[in-house]
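Colleague: Quick one: the structure is below, questions incoming.
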Amino acid sequence: MEWLGLLNYAVFMAIFICIYALLAIGLNIQWGFTGLFNAGIAGFFAVGAYTSAILTSPPEAGRVGGFDMPVPVGWAGAMVLAALVAWPIGKVCLRFRSDYLAIATIGIAEIIRLVIKSEDWLTGSARGITGIPRPFGDLPYIHSQLAYLALVAGVLLVVYLLVERQIRSPWGRMMRAIRDNELAARAMGKDVPSRRLEAFVFGAALMGLGGALFAHLNRAITPEAIDPMVATFLVWIMLILGGSGNNRGAILGVAVVWVIWSFSEILTDRFPPEVAVKAKYIRVFLIGLMLQVVLRFRPEGILPEPQRGAAAKEKR
Amino acid sequence: MDFLEFVNFYIVPGLVLGSIYALGAVGITLVFAILRYAHLAHGDMATLGAFVAFAAVTLAGVPLYAALPIAMVATALVAVGIDRLFYDYLRERPRIVTVMASLGVALMVRSVVQVIWGVDAETYTRGIVRPENWWGIRLKDREIATVLTMIGLVLCLQLFLMKTKWGKAMRAMSDNPNLALLSGVDNAKVVFVTWMIVGGLCAAAGFFLGLNTELKSMMGWQMLLPMFAAAILGGVGRIEGAVIGGLVVGVVEEVSVMFLPSEYKAATAFAILLVMLIVRPTGLLRGKVL
């Protein structure tokens, strides 16, 4: 029994790591390859989660939908809607330095949170949306978990391969050129704001997909499901620690940070209640401190961005 | 609804809230113009300042308004310390890395507040304050104090920037950092003075927000967006602009309640921010665009 519980927990963790890895790869496209500061990851995540939930859940009185559509439609819808939310923000802000994008994404995440909390007809406000179908949900618990893990890992693998391919392509090279020397890239005739917009929208779509996978895992989504700032910040520290600009680094960072984060939660839950509440905030403090330490002592992360092109060939 | 009622219910609270935003926005605009990055921990530093004043009032029994200078000095020192510990060594790296560090600092400062003071709402004073009637306009003492203190602090700051050596050095760094450094302006001192001022203004913003509403650990973070909207509306680097911007954002937020559900008060600041970035990114008073 102890054994089975451990296995259950490991599978559960692995599913979460895959979902966070999608967010980290999405952020890597924005930050690692393009240098855009998105502080509203949780917002795009929530858009994806709710979109897929509304599209695939069974109809419910007093709320738009559910439309009872197949799950892949929900996932595609999640990506499209997250991208549609990102597009105008990027369009307005990407003409300026990334600081403006940082503020605007904080704003959009806050507004998404307000909409989710107060628009009863759309999101069911505090009750949230329940009855979201789960792929392989009819199997016995552990089989169902394993099957979902395989599904999520499959999605992650496909996304990883596609993104890697994109980064190696001329498009990826151009993005890195823009990030490293915007002036030179502009002088070469590259349309910097449009390229940045592509990266921002593309990354946001992946965050939406991550949200959809999360909603289907839990079969329900409520406003309390994610703490916006902590979730956003966790993804940031995962990417920075793992190595921004390197997708494998991003996934490694997700695994390391998520394991630390969950085990510290198990640890603090064993404290007496009055201490446990404080311990929760101390954990947030430590994760903030961790970012400062990484930025100071190993800004390139565990797995630094690989050198590409001529310089890399010379080394070999 | 007659005019007086409109003034009492929307304009007066709007101007009070706007004064609080203005205090924060002036700090944001200084950091944006002189140090050249968006400082995302600004709101949470305001929260810290508010709670330092709270500790002074409840633990040390300091009179309410005497707690303000105490909190300002304490928060100024914390701001300088944060800069030394977390921002200073990032100076050679792209500025956006410092923005990220400031997001981390925001989380750290907030969790310190939550550990020390908990997450429940607190107030400086108990009991209901009755507003006094000034020719039909109802004003509370603390509302008058908020607006007057804001005006006083901003005037002092303007005087400092115009007349003193360090104020001129700060303006020089804001206008043209390379030229300023070449002319022998001591960057480290400018950074130090800037953070002292910004920290003090943060604490004042937090104190007056706590005085006029209540003290909560998230209060500063929720002020961040309006404060940035105010700074950009006024024009980055323009002190008067930040004040005007703060007052406009405050009044618009309060008046928006007439047309929008009150939950979306926070969205109006965001709308102002986006509209300004589309229509006139330099802001009303022709500030910088980074």
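The values are calculated or read from the model by the stated rules, or taken from the named source; none is laboratory data. For clarity, every value in this text was computed on a predicted model and none was experimentally measured. Heads up, the Cβs are rebuilt from the backbone with ideal geometry, glycines too, and the neighbour counts pull from every protein chain shown. Keep in mind that these areas ignore ligands, DNA and RNA; they rest on the heavy atoms of the full protein, side chains included. Shrake-Rupley method; radii C 1.70, N 1.55, O 1.52, S 1.80 Å.
Colleague: What number, in percent, do you get for the relative contact order of chain B if the mean sequence gap of Cα pairs under 8 Å and at least 6 apart is divided by its residue count?
Modeller: 36 percent
Colleague: Restricting things to alpha carbons, find the Rg to Rh ratio for chain A using the Kirkwood radius for Rh.
Modeller: Across chain A, the Cα-based Rg/Rh ratio is 0.98.
Colleague: Further, regarding this structure: Against the longest principal axis of chain B, how steep is helix B:187-212, in degrees 0 to 90 to the nearest 10, with axes from Cα atoms?
Modeller: For B:187-212 against chain B, the angle is about 10 degrees.
Colleague: What dipole magnitude, in Debye to the nearest 20, does the range A:11-226 give about its Cα centre under +1 on Lys/Arg Cβ and -1 on Asp/Glu Cβ?
Modeller: About 660 debye.
Colleague: With every protein chain present, what accessible area does residue A:176 have (1.4 Å probe, heavy atoms only), rounded to the nearest 10 Å²?
Modeller: 30 Å²
Colleague: A further question on this structure: What angle do you read, to the nearest 10 degrees and between 0 and 90, between the alpha-carbon axis of helix A:141-168 and the longest principal axis of chain A?
Modeller: Approximately 10 degrees, to the nearest ten.
Colleague: Would you kindly state how much longer the chain becomes between residue B:189 and residue B:213 on full extension, computed as 0.36 nm times their sequence separation minus their alpha carbon distance, in nm to one decimal?
Modeller: Stretched fully, the residue B:189-residue B:213 segment lengthens by 5.0 nm.
Colleague: Any chance you could check the Cα centroid distance between the range A:67-94 and the range B:42-98 for me, in angstrom?
Modeller: Cα centroid of the range A:67-94 versus Cα centroid of the range B:42-98: 40 Å apart.
Colleague: Right, another one. Could you state the per residue volume, in Å³, of the convex hull enclosing the Cα atoms of the range B:178-243?
Modeller: Spread over its residues, the Cα hull of the range B:178-243 gives 109 Å³ apiece.
Colleague: log10 I(q)/I(0), Debye, Cα-only the range A:11-160, no solvent, q = 0.09, 0.10, 0.12 Å⁻¹?
Modeller: Here the Debye-derived log intensity ratios amount to -0.33, -0.41, -0.58.
Colleague: Hey, how many Å between the Cα centroid of the range B:142-183 and the Cα centroid of the range A:96-123?
Modeller: Each part's Cα centre sits 33 Å from the other's.
Colleague: Per 20 Å bin, what is the whole-percent P(r) computed from every C-alpha pair distance within the protein assembly as shown?
Modeller: Each 20 Å bin holds this share of Cα pairs: 19, 53, 26, 2, 0.
Colleague: Also: Loop only per DSSP, at most 14 neighbouring Cβ atoms within 10 Å: give me the chymotrypsin sites (Phe, Trp or Tyr not before Pro) in the range B:210-290, ordered by residue number.
Modeller: Hits after loop and neighbour filter: B:259.
Colleague: Another question, if that's okay. Are there any chymotrypsin sites (Phe, Trp or Tyr not before Pro) in the range A:87-163 that are in a DSSP loop and have at most 14 other Cβ atoms within 10 Å? List them by number.
Modeller: A:136
Colleague: Follow-up. How big, in percent, is the set of alpha carbon pairs in the range A:1-60 lying more than 20 Å apart?
Modeller: Summing the P(r) of the range A:1-60 above 20 Å gives 51 percent of all pairs.
Colleague: In the range B:121-166, which chymotrypsin sites (Phe, Trp or Tyr not before Pro) are in a loop and have at most 10 other Cβ atoms within 10 Å, using DSSP for the loop call?
Modeller: Answer in residue order: B:135.
Colleague: Further question: Need one number for the range A:61-139: average projected area of the convex hull over its C-alpha atoms, nm².
Modeller: Orientation-averaged projected area of the Cα hull: 6.8 nm².
Colleague: Can you tell me which aspartates and glutamates have their Cα less than 16 Å from the Cα of residue A:278? Leave out same-chain residues fewer than eight positions away.
Modeller: A:265, A:269, B:120
Colleague: What figure, in Å² to the nearest 10, do you get for the accessible area of residue A:31 with a 1.4 Å probe and non-protein molecules left out?
Modeller: Per-residue accessible area (residue A:31): approximately 30 Å².
Colleague: Moving on. At a probe size of 1.4 Å, how large is the accessible area of residue A:180, to the nearest 10 Å²?
Modeller: For residue A:180, solvent-accessible area is about 110 Å².
Colleague: Normalised by the number of residues in the range B:60-147, what is the relative contact order in percent for Cα pairs under 8 Å and 6+ residues apart?
Modeller: Across the range B:60-147, relative contact order equals 15 percent.
Colleague: Computed on alpha carbon atoms, what radius of gyration and Dmax characterise the range A:236-283, expressed in Å?
Modeller: 13.6, 42
Colleague: May I pose another question? Per residue of the range A:293-301, in order, report the coupling 6.51 cos²θ - 1.76 cosθ + 1.60 (Karplus, θ = phi - 60°) as ³J(HN,Hα) in whole Hz, putting x for Gly and Pro.
Modeller: Once rounded to whole Hz, the list reads 5, 5, 4, 7, 9, 9, x, 7, x.
Colleague: Once R0 is set to 56 Å, what does the formula 1/(1 + (r/R0)^6) return for the Cβ-Cβ distance between residue A:277 and residue B:133, expressed as a FRET efficiency to the nearest 0.05?
Modeller: Efficiency, from the Cβ-Cβ distance: 0.80.
Colleague: Follow-up question, since we're still on this one. Per-residue ellipticity at 222 nm for chain B, helices alone: DSSP H runs ≥ 4 residues times -39500 (n - 2.57), over residue total, nearest 500 deg cm²/dmol?
Modeller: Dividing the helical sum by the residues of chain B leaves -22000 deg cm²/dmol.
Colleague: Let me ask you something else. Using only the Cα atoms of chain B, what are the Rg and Dmax in Å?
Modeller: Considering chain B through its Cα atoms, Rg and Dmax are 18.6, 60 Å.
Colleague: Pop the C-beta distance of residue B:240 and residue A:157 into the FRET formula with R0 = 51 Å and round what comes out to the nearest 0.05.
Modeller: Efficiency, from the Cβ-Cβ distance: 0.35.
Colleague: Right, something else. Any idea what angle helix A:41-56 forms with the longest principal axis of chain A, computed on alpha-carbon atoms, 0 to 90 degrees, nearest 10?
Modeller: Once rounded, one gets 50 degrees.
Colleague: Here's another thing I want to ask about it. Based on the Cβ-Cβ distance of residue B:77 and residue A:12, what FRET efficiency does E = 1/(1 + (r/R0)^6) give at R0 = 45 Å, to the nearest 0.05?
Modeller: 0.50
Colleague: Sequence gap at least 6, Cα distance under 8 Å: using those rules, report the relative contact order of chain A to the nearest whole percent.
Modeller: 29 percent
Colleague: Anything over 29 Å Cα to Cα? Flag those among B:216/B:288; A:280/B:189; A:190/B:288; B:140/B:163; B:140/B:216; B:168/B:265, in the order listed.
Modeller: B:216/B:288; A:280/B:189; B:140/B:163; B:168/B:265
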